[in-house]
1. Please list 3J(HN,Hα) in residue order for region 25-31, calculated via the Karplus relation 6.51 cos²θ - 1.76 cosθ + 1.60 where θ = phi - 60°; whole Hz, with x for glycine and proline.
2. Starting from a Cα-only point model with no solvent, please compute log10 I(q)/I(0) by Debye for region 9-61 at q = 0.18, 0.19, 0.25, 0.26 1/Å.
3. Quote to one decimal, in nm, the extra length available between GLN7 and ASP56 on full extension: 0.36 nm per residue of separation minus the C-alpha distance between them.
4. Between ILE36 and MET48, what is the spin-label point distance in nm, taking each point 7 Å from the Cα along the Cα→C-beta axis?
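Every read-out reported here was derived from the displayed coordinates using simple, explicitly stated rules and does not represent laboratory data. The model shown is predicted, which means the values in this text are computed figures rather than measured ones. As a convention, Cβ positions derive from the backbone with ideal geometry for all residues, glycine included, and neighbour counts pool all protein chains shown.
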Amino acid sequence: MDNDNNQKINCTVNSCKFNNCENDECTLHQITVEPIDDCDTCTPDESMCGSYEYGDEDEDE
Ligand code: SF4
């Protein structure tokens, strides 16, 4: 229980404005992961990041 202050969220969802695309880390100190309704696949499909917000600041197209 000594890693409460060292938690790190790795995330590769680069379309999220909280994602640091350079090292694939979430820049938030905490996130909320939510269940997907009516999903019963017993795979990661059943969970999603509820803190996601779309952001295109880093897009260079
Ligand atoms: S808020 Fe969620 S989707 Fe966005 S970078 Fe963090 S973990 Fe990834």
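1. Rounded to whole hertz, the list is 10, 7, 8, 7, 7, 8, 10.
2. Computed log10 I(q)/I(0) values: -0.63, -0.69, -0.97, -1.00.
3. Values: separation 49, 0.36 × 49 = 17.64 nm, distance 2.62 nm.
Contour length minus the Cα-Cα distance gives 15.0 nm.
4. Placing both labels 7 Å beyond Cα along the Cβ direction yields 0.8 nm.
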